[in-house]
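Presented below is the structure to which this report refers.
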Amino acid sequence: MTEVRLHHIRKSFDGLTALDDVDITIPSGELVALLGASGCGKTTILRIISGLTDPTEGQVLFDGNDISKTLVQDRNVGLVFQRYALFPHMTVAKNITFGLDVNNVDTADTERRLDHILQVVQLQDFRDRLPSQLSGGQMQRVAIARTLITHPSVLMMDEPLSNLDTKLRGEMRTFVKDIQRQFNITTIFVTHDQTEALEIADRIAIIFDGKIAQFDTPKNIYNRPVSVAVADFMGVDNIIPITVSNGTATTPFGDFKTPHLNQAQPHTDAYMIVRSEHIAINPPHTHDNIINGIVTSRAFAGAFVCYTVRCNDHIITVRIPSITGDDVTVGAEVRLHIPPDYMWVVPS
């Protein structure tokens, strides 16, 4: 296991800033997702950690040791790319052991490692097949096995599942997480998919324009964003302007109580973040934090029924589990309840 520290990393290309003071510590044995839109700097971070790209400023540290000047081949890192990059003329076994063969690992050790890794990635019966005889998921497993068989101290994966279909991506997320836990290897996983990051990561670093916007657990990223920008990126539907005063959030719908007002200074403008699935429609015996409105649309979305409700001049989005049988019609007058603990406040 290896702790990875990026210490005030900056990177410029031809005068353009790709990374701006990136400073995070990836704990030993954790899986950290780098999440952001294309071009935000995620892959540049991987390249700097691996040694393929030098930082303009800052240091890369493994277990506290500065390896910024260490050559790629001496860093003992493994890279899995979006494209599988398998040799088409080589069998699964030959593709997996390629790195060992290049480094002249003896035959007995190579065969022992190969047998073990084929069991781990569940490809024992495919060792003599060519890449053209494999599915996309099987090819990605070969690419992962080829990296793991070299026993890297840090595993880095650059959008490895983006070429797979939706169902297979779900299966591979579970596979990647299981592999990471089994090997207990520090893993850095690049993705632009919020759901993917939430499902597999121990921590998530959200990156905007080369800067770390938030580095936190998936639960906090989802429920406790530090800014409107992070909340919007993570799919929060309801971002409501408020004024904080005397322990109360004054909203366009009245005064609300929440224990999270310490996120904003008193007597200032701020925003209240409320996820659509945390709002109840017409709850019984509830009188606090109530918003009255009229349903303007209804859409069945499988697991949820999605409503939009006009409240004064604002639209509130609500998602109700479809299994509950809630079926409010368009045009109906409704009462919305927001539990105080699910009202998160961020500065304006």
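The values are calculated or read from the model by the stated rules, or taken from the named source; none is laboratory data. Predicted model only: the values in this text are computed from it and were never measured. Backbone-built Cβ (ideal geometry, glycine too); neighbour counts: all protein chains shown. When the accessible area is computed, the model is the full protein with side chains, heavy atoms only, and any ligands, DNA or RNA have been set aside. Shrake-Rupley method; radii C 1.70, N 1.55, O 1.52, S 1.80 Å.
Worth a mention:
- Residue in the stretch 179-216 that is farthest from Leu46 (Cα to Cα), counting only those that are among the acidic types (Asp, Glu) and not in a strand (DSSP E or B): Glu199
- Taking the criterion of being touching a residue at least 60 places away in the same chain (Cβ under 8 Å), assigned to a loop (DSSP other than H, G, I, E, B) and out of contact with any helix residue (DSSP H, G or I) (no Cβ under 7 Å at 6 or more places or on another chain), the residues of the stretch 28-49 that qualify are Ser28, Gly29, Glu30, Ala37, Ser38, Cys40, Gly41.
- Boolean, Ala201 is touching a Pro at 6+ places or on another chain (Cβ under 7 Å), of a type in the set (A, V, I, L, M), crowded, with 18+ Cβ neighbours inside 10 Å and over 29 Å from Tyr307 (Cβ atoms): yes
- A search for C-beta distances below 8 Å between a residue of the stretch 229-252 that is within 9 Å of Met272 (Cα to Cα) and any residue that is among the acidic types (Asp, Glu) and open to solvent by 50 Å² or more (accessible area, probe 1.4 Å), counting only pairs 6+ apart in sequence or on different chains, returns Ile239/Asp232; Pro241/Asp269; Ile242/Asp269; Ala249/Asp255.
- For Thr191: the one exception among (1) open to solvent by 50 Å² or more (accessible area, probe 1.4 Å); (2) in contact with a helix residue (DSSP H, G or I) (Cβ under 7 Å, 6 or more places away or on another chain); (3) hydroxyl-bearing (Ser, Thr, Tyr): (1)
- Within the stretch 19-38, the set of residues being surrounded by fewer than 21 Cβ atoms within 10 Å (Cβ to Cβ) and in contact with a Gly (Cβ under 9 Å, 6 or more places away or on another chain) comprises Asp20, Asp21, Asp23.
- Test: residue in the stretch 300-310 that is under 17 Å from Pro252 (Cα atoms) and in contact (Cβ under 8 Å) with a residue 24 or more places away in the chain: yes
- Here is the figure for the stretch 1-27: residues that are in contact with a Phe, Trp or Tyr (Cβ under 7 Å, 6 or more places away or on another chain) and in a strand (DSSP E or B) total 2.
- Members of the stretch 138-188 that are under 17 Å from Glu199 (Cα atoms), among the basic types (Lys, Arg) and in contact with a helix residue (DSSP H, G or I) (Cβ under 9 Å, 6 or more places away or on another chain): Arg169, Arg173, Lys177
- Residues located in the stretch 148-164, provided they are open to solvent by less than 10 Å² (accessible area, probe 1.4 Å) and farther than 16 Å from Asp109 by Cβ: Val154, Leu155, Met156, Met157, Pro160, Leu161
- If only residues of the stretch 87-129 that are touching a residue at least 12 places away in the same chain (Cβ under 8 Å) and basic (Lys, Arg) are counted, the one that is farthest from Arg141 (Cα to Cα) is Arg113.
- Ser135 meets all of the listed conditions (1) under 28 Å from Val4 (Cβ atoms); (2) without any contact (Cβ under 8 Å) to a residue 60 or more places away in the chain; (3) among the small types (Gly, Ala, Ser) but one, namely (1).
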